[in-house]
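For reference, the structure discussed in these notes is given below.
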Amino acid sequence: MFAYYLELAVRSLKRSRALTALMIAAVALGIGTSMVTLTVLHVVSGDPLPERSGSIYLPRIDPRDDSTASASTAMPVQVTWLDGNNLLRAGRARQQALMLGGQVAIEPDAGNIEPFIATARYTSMGFFDLFDVPFLRGAGWSAADDEARARVAVISSALEERLFHGDNAVGRTVRVGGVPLRVIGVLAPWRPVPHFYDLYMGHFAGGEDVYLPLSTARAALLPRGGGIECWGKGSTTENLMETAECTWLQFWVRLDSASDVAAYGRFLDGYVHEQFSAGRFRRNRPAELTGLMAYLDERHVVPGDLHLQVWLAFGFLLVCLANTVGLMLAKFMRRGMEIGVRRALGASRGSVFAQMLTEAGIIGLAGGLLGLVLALAGLALVRTRPDHYAQLARLDLSMLATTFVLSITATLLAGLFPAWRASRLPPGLQLKSQ
Amino acid sequence: MRMDIAPILASLGRHKATAALLVIQIALTCAIVCNALFVVADRLDWMRTPSGIDEDRIAMLTVTDIEHHDGVQARNLADLAALRELPDVEAATTTNSVPFGPLSWQTSVRMSADQKEPVASIAQYMGEGVPELLGATLAEGRFFREDEYRWADDLDARRTEMIPVLLVTEALARRLFPGRSALGQSLYLGGQACRIVGVLKGLARAGDPDRHNVQEAIVSPIRMLPIYGASYAIRARPGRAAAALREASETLRNLQPRRVITDKKTYAEVRAAYFSSDRALAGLLIGVCVTMLAVTALGIVGLASFWVGQRRRQIGVRRALGATRRDVLHYFQVENFLLAGMGIALGMVLAYGINLLLMYQYELPRLPSYYLPVGALSLWLLGQVAVLAPALRAAAVPPVEATRG
């Protein structure tokens, strides 16, 4: 029976080619636009650490006096050198890392490649375990390396390829900011989106090219990057940063259970109270523990423009669907004669309904397919845009499935009403009136 | 010409569902296009925000040393001296930031030494002769004198005291000292009183776009250094910005080979980069609006064609009974006018509703009232253009059609 409906539908669609093309194009345009904006939103509002984000927390304490504008508003998102190291040494979380971003000049040891600037992360040894960073070969460094300011580095696979052209980089030397470092590990491609652990480097910054111990970087005074907030007599003279009244480092912890979170919160409050009593903190402001996803929400990482675009696209889809329903309705109703004959010959309302819905389904399928092509073209266009997140806009499997479900459902829903109206046409009247 | 609306309405009543769908489509189109174009206008307006500087003649370069050096002041002076020698460079300095640049510096200021809550963070410019070089102009007072400048690293290491003077922009002066001259008044920076010696007509800030305070900035007499992330800014001879940038880049590279030029842009490029996402959004919105209007127009053509096809016999009867071609044409035109009118009326309400949502969600201003009549007129026109071909086809139906079955 379905094959027969299909044949009838195709024949009917062929009879008015321009109209069919218009309906399919409208569905495709609506679907394509919605998919492009949804995909971009999906990519940028995703979870940077899908396996672990639920247990990653940002401890926040406020060491500021009241000389800065924001002292009464948001809690700092970074820590001072002293606090960061105190919290790191206390080691009260299951895993923790104290870190800092920077841009460094890389000089290839051999060959005649020009020095170039790469992004770097200076961090205590816990970084790779904390964020579950995948290694291609080798491994991270030890606490002893941190202590000894060891001249070691972990590099990205992209940097390995650039410097060593596919050779194993482990054991080789790379000069970072004039300092020779021994490569001890190479990361598999890793790019958490957004770049949650240091938003100052760009919300959608890529993964760093080189990772080295924070202690080593500070000893060599490698260039710092990212955000910094100072107050009081805060000075940013490079060799005085360790005692400066400035927050400039990021500190993240892993806490697995609610009781761990509560315990860590108590520990932080205790720490703040201790610092306040000792006169180092001017205010006894309660500490906060912010979960990773809540933090991204708070910082409005997803550009507001994207939400606007998604709403616009759905509005557009609605217009396209209203257009298609109107045309379908007109088309079905015009076939009163044909429907009347079929009904008079014994076709049930149900079968007329099914036939009309088949026709709507074909339009939906064709519109969906064409919409997919439009979405792919649209995403290619988006990727040429300069925004950092634009380059990430690719259709993944789940979005692909969504496109199809969306387009078929939308057109079937759109087809329901005209098909129902057509199936209600009384057979006798139609025959008589013609 | 006299046209009875009653029979048209009666006829539409027989196609309630189809007519309603067309009305809904027109309403949605009207509401979305009005709001989208308003957002476009708003972004275009934002993109035209004046920087307050002589944009055509400015270029900037950022250099990063490969390793840590001492003698940063001498190295900086050597760089600047070499830049000033270049044929296409008129002036050169080191600046922490440029309007709409990638890097922003902010500081909080107080109106008095004991003010509890400081004035929210203000953009701070530092660098020798920065406003003069960029081409910012004075509304009142003067620029800094040579002897008022101090080196950033000396201040940082407390080897010297800050000179207690500063410049402010007119916008900031108006907010902090409403109704009186800011000249001679003091602002407190980190506990130190700084006297305002000059008021700049304009100098936009860098960093996050925030429209209400984009023109609020101060300038401090501090000589900047590349180690603080500062850039070299050059003022080129008229029309030579790109050439000056090329020369400067080569000179800086040759002068000290152990460093990397991490960024070099003419000011036009700096500005374009800053507003790129606004430009992209505006382009996207215009594209979607045009497509949406096209879809709606084609929908009208499609539906009208159907109706014409369906009513050939009725048209024939009317023609046989004495209706002229013109009457038939007008019939379809008026029908479309009525449908579009209903759609537009509904669309206005929707447009207003969407605007309220946008105002609440995205801090967009209220939709100016002239958008509605302009939108209505455009949609009416669109409908008339779209319906013309089917209506002409209807008018061409011969009276003899009445006899066919």
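The values are calculated or read from the model by the stated rules, or taken from the named source; none is laboratory data. These numbers come from a predicted model, not from an experiment. Reconstructed Cβ throughout: ideal geometry from the backbone, glycine too, with neighbour counts over all protein chains shown. The protein model used for the area step is the full one, side chains on, heavy atoms only, and it has no ligands, DNA or RNA in it. Shrake-Rupley method; radii C 1.70, N 1.55, O 1.52, S 1.80 Å.
Values for this structure:
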{"item": "Number of the condition not met by B:Glu128 [criteria: (1) closer than 24 Å to B:Glu269 by Cα; (2) of a type outside the set (A, V, I, L, M); (3) open to solvent by less than 30 Å² (accessible area, probe 1.4 Å)]", "result": "(3)"}
{"item": "Where A:Leu181 falls short, out of the listed (1) farther than 30 Å from A:Gly46 by Cβ; (2) surrounded by fewer than 17 Cβ atoms within 10 Å (Cβ to Cβ)", "result": "(2)"}
{"item": "Scan of region A:227-245 for residues that are open to solvent by less than 40 Å² (accessible area, probe 1.4 Å) and more than 9 Å from chain B (Cβ to nearest Cβ), ordered by number", "result": "A:Gly227, A:Met241, A:Ala244"}
{"item": "Residues satisfying the stated conditions in region B:117-136, i.e. in contact with a Phe, Trp or Tyr (Cβ under 9 Å, 6 or more places away or on another chain) and within 14 Å of chain A (Cβ to nearest Cβ)", "result": "B:Pro118, B:Ala123, B:Gln124, B:Met126"}
{"item": "First in region A:3-24 and under 10 Å from B:Gly302 (Cβ atoms), second anywhere and of a type outside the set (Ser, Thr, Tyr) and part of a helix (DSSP H, G or I), Cβ under 6 Å, 6 or more apart", "result": "A:Leu19/B:Gly302; A:Leu22/B:Leu298; A:Leu22/B:Gly302; A:Met23/A:Leu327; A:Met23/A:Ile363"}
{"item": "Any hit, region A:204-225, residues being under 24 Å from A:Gly291 (Cα atoms), among the aromatic types (Phe, Trp, Tyr) and within 13 Å of chain B (Cβ to nearest Cβ)", "result": "yes"}
{"item": "Strands (runs of 3 or more DSSP E) contained entirely in region A:157-220, each with at least 1 residues that are within 26 Å of B:Pro102 (Cβ to Cβ)", "result": "A:173-176, A:210-213"}
{"item": "Single unsatisfied condition, B:His330 versus (1) open to solvent by less than 30 Å² (accessible area, probe 1.4 Å); (2) part of a helix (DSSP H, G or I)", "result": "(1)"}
{"item": "B:Tyr267 vs. criteria farther than 25 Å from A:Glu114 by Cβ, open to solvent by 30 Å² or more (accessible area, probe 1.4 Å) and not small (Gly, Ala, Ser)", "result": "no"}
{"item": "Members of region B:286-329 that are closer than 30 Å to A:Leu306 by Cα and more than 7 Å from every other protein chain (Cβ to nearest Cβ)", "result": "B:Ile286, B:Gly287, B:Cys289, B:Val290, B:Leu293, B:Ala294, B:Ala297"}
{"item": "Candidates B:Pro226, B:Pro238, B:Pro257 - the one that is open to solvent by 30 Å² or more (accessible area, probe 1.4 Å) and under 30 Å from B:Gln192 (Cβ atoms)", "result": "B:Pro226"}
{"item": "Scan of region A:122-144 for residues that are surrounded by 19 or more Cβ atoms within 10 Å (Cβ to Cβ) and under 19 Å from A:Arg172 (Cα atoms), ordered by number", "result": "A:Gly140, A:Trp141"}
{"item": "Within region B:73-170, strands (runs of 3 or more DSSP E) holding 3 or more residues that are in contact with a strand residue (DSSP E or B) (Cβ under 9 Å, 6 or more places away or on another chain) and more than 27 Å from A:Ala74 (Cα to Cα)", "result": "B:89-95, B:138-141, B:165-169"}
{"item": "So A:Val170, is it of a type in the set (A, V, I, L, M, F, W, C), open to solvent by 50 Å² or more (accessible area, probe 1.4 Å) and away from chain B (no Cβ under 14 Å)", "result": "yes"}
{"item": "Checking A:Leu212 against (1) at pLDDT 95 or above; (2) surrounded by fewer than 21 Cβ atoms within 10 Å (Cβ to Cβ), the condition it does not meet", "result": "(2)"}
{"item": "Top-ranked residue in region A:246-259 [being of a type in the set (S, T, N, Q) and without any contact (Cβ under 8 Å) to a residue 40 or more places away in the chain; ranked as least open to solvent (accessible area, probe 1.4 Å)]", "result": "A:Ser257"}
{"item": "Exclusive hit being touching a helix residue (DSSP H, G or I) at 6+ places or on another chain (Cβ under 6 Å), open to solvent by 10 Å² or more (accessible area, probe 1.4 Å) and on the phi < 0 side of the Ramachandran plot, set A:Thr358, A:Thr384", "result": "A:Thr358"}
{"item": "Filter result for the condition that a residue is within 9 Å of chain B (Cβ to nearest Cβ) and at pLDDT 85 or above, over A:Leu289, A:Leu296, A:Leu327", "result": "A:Leu327"}
{"item": "Test for B:Val109: is it among the aliphatic types (A, V, I, L, M), within 14 Å of another protein chain (Cβ to nearest Cβ), closer than 30 Å to B:Val270 by Cα and in contact with a Pro (Cβ under 8 Å, 6 or more places away or on another chain)", "result": "yes"}
{"item": "Residue within region A:267-283 that is open to solvent by 60 Å² or more (accessible area, probe 1.4 Å) and either within 14 Å of another protein chain (Cβ to nearest Cβ) or within 26 Å of the chain's Cα centre (by Cα) (or both) present", "result": "yes"}
{"item": "Entirely in region A:1-97, the helices (runs of 4 or more DSSP H) that have 2 or more residues that are within 17 Å of A:Phe251 (Cα to Cα)", "result": "A:81-90"}
{"item": "Any hit, region A:338-354, residues being of a type in the set (A, V, I, L, M, F, W, C), within 14 Å of chain B (Cβ to nearest Cβ) and not in a loop (DSSP other than H, G, I, E, B)", "result": "no"}
{"item": "Test: residue in region A:334-355 that is touching a Pro at 6+ places or on another chain (Cβ under 7 Å) and buried (at least 18 other Cβ atoms within 10 Å of the Cβ)", "result": "yes"}
{"item": "Any pair with Cβ under 6 angstrom, 6 or more apart, that starts in region B:10-22 at a residue that is touching a residue at least 40 places away in the same chain (Cβ under 8 Å) and facing chain A (nearest Cβ under 9 Å) and ends at one that is open to solvent by 30 Å² or more (accessible area, probe 1.4 Å) and polar (S, T, N, Q)", "result": "none"}
{"item": "Residues being more than 14 Å from every other protein chain (Cβ to nearest Cβ), open to solvent by 30 Å² or more (accessible area, probe 1.4 Å) and of a type in the set (Ser, Thr, Tyr) - total across region A:12-71", "result": "2"}
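For every residue, the table says whether it meets (1) over 14 Å from B:Ala31 (Cβ atoms); (2) modelled with pLDDT of 90 or more; (3) among the small types (Gly, Ala, Ser).
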position: B:Ala345; (1), (2), (3): no, yes, yes
position: B:Tyr362; (1), (2), (3): yes, no, no
position: B:Tyr370; (1), (2), (3): yes, no, no
position: B:Gly375; (1), (2), (3): no, no, yes
position: B:Ala402; (1), (2), (3): yes, no, yes
